[in-house]
Amino acid sequence: MQLTQQDLFLLSQCAISAAFQAGQIITHYAQKEVTIKHKQNGHTLASQVVTEVDHLSQAIILQILEPTCAQFDLALLTEESPDDRKRLTKDFFWCIDPLDGTLPFIESTLGYSVAIALVSRTGIPYLGVVFDPVKQTLYHALKGQGIFRNDSRWSLHTPEPSSSQALTFITDRSFTEHSQYSSVLTELEAI
């Protein structure tokens, strides 16, 4: 199925609404004690923790986005649900992380958001939405139409890197416990 620019705009508005509403749920539970569970899969602490807030956030997102799946023949890939693999047969799928950064959320530190993207089966992103509930900042982008921050066009002016600039490697702190940590650190230091 081909999506028109009008279709993409409509889908972006749905994703924006979903991200904003999920962000309101996250904000409501921030600074409160929440139930924390551990997933069996994942190699880092960050990939293993899940809370009731992840599930509540996902529920509101799906309530808003599932009707678009029927209307536009889209699949779903969500962080907190099993992969039904329909994304491999549909032309487009929603890729949803209802609480990206669960570990910072449960630690009451910065670094969590709602993340929603519409991706083609070939892996090309067509739209993306990220809502930071702490700063109440919404970022979204549409393929070929630019990036927006709180509905204003946003341009990034990134300077060209110089050979003297340091490489910054950011990872989950539990990576220090990973069996490959030392070898990765050695390789990075060599760069």
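The values are calculated or read from the model by the stated rules, or taken from the named source; none is laboratory data. This one's a predicted model, so the numbers in the text were calculated from it and none came from an experiment. Note: ideal-geometry Cβ built from the backbone for every residue, glycine included; neighbour counts use all protein chains shown. Calculation scope for accessible area: heavy atoms of the full protein, side chains included, ligands and nucleic acids excluded. Shrake-Rupley method; radii C 1.70, N 1.55, O 1.52, S 1.80 Å.
Simple rule: put +1 on each Lys or Arg Cβ and -1 on each Asp or Glu Cβ in the chain, find the dipole, and look at H38, T89, G144; the Cα lying farthest toward the positive end is G144. Ligands, DNA and RNA are left out, and with a 1.4 angstrom probe the accessible area of the chain is 61 Å² per residue. Both the radius of gyration and Dmax for the chain are 18.2, 52 Å, in that order, over alpha-carbon atoms. Can you give the relative contact order of the chain as a percent, counting alpha carbon pairs under 8 Å and 6+ residues apart? Relative contact order comes out at 19 percent. The packing ranking of peptides 88-101, 5-18, highest mean first, is 88-101, 5-18, where packing means the average number of other beta carbon atoms within 10 angstrom of each residue. Positive end of the dipole of the chain (Cβ unit charges, origin at the Cα centre): among Q2, V53, Q180, the Cα lying farthest that way belongs to Q2. Taken as entire DSSP H runs, the helices of the chain that both span 20 Å or more between Cα atoms along their own long axis and average -1.0 or more on the Kyte-Doolittle scale are 5-29, 52-72. Dividing the C-alpha radius of gyration of region 1-88 by 2.2 N^0.38 Å, with N its residue count, gives 1.26.
Note on the chain: with a GNM built from Cα contacts shorter than 10 Å, the maximum mean-square fluctuation among V130, V34, V114 falls on V34.
For region 21-103, the Cβ-based charge dipole about the Cα centre amounts to some 120 debye (Lys, Arg positive; Asp, Glu negative; other atoms uncharged).
For the pair I191 and E33 in one chain, pulling the backbone fully straight at 0.36 nm per residue adds 52.6 nm over the alpha carbon distance. Taking only protein heavy atoms and a 1.4 Å probe, the accessible area of the chain is 54% carbon and sulfur.
Only Cα sites of region 90-150 enter the Debye sum here, all with the same form factor; the resulting log10 I(q)/I(0) across q = 0.23, 0.25 1/Å is -0.92, -0.99, listed in q order. Ranking E107, E33 by solvent-accessible area of protein heavy atoms (1.4 Å probe, all protein chains present), from largest to smallest, gives E33, E107.
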